[in-house]
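Structure first, then comments.
Just so you know, all these numbers are worked out from the coordinates, no wet-lab data involved. Model, not experiment: these values are computed from the prediction. Please note: Cβ atoms are built from the backbone with ideal geometry, for glycine as well, and neighbour counts cover all protein chains shown.
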Amino acid sequence: MLSSNTPIVDWSDRTVWLIGASDGIGLALGQLLQTRGATLVVSARRAEALAQHFPDPAVLKLPLDVNDSDAMRLAVEQLQAKHHLPDVVVWMVGQYEPTALLDLSPQAAKAVLQTNLLSAYDALAAVLPAWRHQLASAHQVGQGAGKRWPRPHWVFVSSVAGYRGLPRAADYGASKAGLSHLAQVAHIELKPIGMDVSLVSPGFVSTRLTAKNSFKMPAVITPEQAAHSILKGLAKGQFEIHFPKRLSLLLKLLGLLPIGLYLRLIQAINPRQS
């Protein structure tokens, strides 16, 4: 299949850099990867949260502000110096504040777009050259001499909110739609040179971000369920891993509607704001 990746079933020989590991899905995924034997690097802005949730000294804690491009570059250099260059990067970055468009400030929207989307370009610019160098070095050494470096894999965690326009998500939805687009482009361009890319599109997961929603969320799952779904999708070599299916498939079906019909339908079910 054109959109497939190399399945990751055995994590014992993988070094995973989990960016956004201090809570929610990122924390649950990091803890699950520990049980699967992965060598783990965890990053978030709060160093104390990383230390609290990942007390194992074998886990490398690397505090990081993804909006600081210099810090991102230095983090990759530090990982290379420690011989901890990850062969899997999980981009689990998210900022969310549900706000009606008329109440949304440009500054707040730009902050969401910067964190959720634009910072990913800095991360790619820092990591991809290191991956290319590592792959070239492994090719020169040859598969017969020493341990072969695993095929690198980038996992973008987006959202079903990026499928089509949804109320009170003018900035968040746009950032996730952009991230999903970036993931598709990255897959197209990087797969031929030996790098895999996956896109994760979760529905409603019970986290501190979704706790901000004032409406009853359908098909809510736990971060632990989300983490298991991600690893299951990676084990199948899927490009897009979306869940829970009872919600994500419905939204995909709605996405097939003509745009005019879709807009009328969402307007009809969206409660008017006073």
Karplus ³J(HN,Hα) for region 62-78 (6.51 cos²θ - 1.76 cosθ + 1.60, θ = phi - 60°; Hz, whole; x = Gly/Pro) runs 10, x, 7, 9, 5, 7, 9, 4, 5, 5, 5, 5, 5, 4, 5, 4, 5
Violations at 21 Å Cα threshold for listed pairs Lys110/Lys176; Lys212/Lys252; Lys212/Lys232; Lys61/Lys82; Lys61/Lys232 -> Lys212/Lys252; Lys212/Lys232; Lys61/Lys232
With Val205 itself left out, Lys, Arg at +1 and Asp, Glu at -1 over residues whose Cβ is under 12 Å from its Cβ give -1
Mean separation of Cα contacts under 8 Å (at least 6 apart) over the residue count of the chain, i.e. the relative contact order in percent, is 21 percent
Counting sequence-distant residues (5 or more places) and residues on other chains, those with an amide H built under 5 Å from that of Val93 are Val157
Ranked from fewest to most other Cβ atoms within 10 Å of their own Cβ, Ile193, Ile8, Ile266 fall in the order Ile193, Ile266, Ile8
If every Lys and Arg gets +1 and every Asp and Glu gets -1 at its Cβ, then about the Cα centre region 15-269 yields a dipole, in debye to the nearest 20, of 740 debye
Final fewest-first order of His242, His53, His181 on the 10 Å Cβ neighbour count is His181, His53, His242
Assertion target for Ser248, Ser158, Ser69, Ser214, ordered by fewest C-beta neighbours within 10 angstrom first, is Ser214, Ser69, Ser248, Ser158
With -39,500 (n - 2.57) per DSSP H segment of 4 or more residues and division by the full residue count of the chain, the 222 nm estimate, nearest 500 deg cm²/dmol, is -13500 deg cm²/dmol
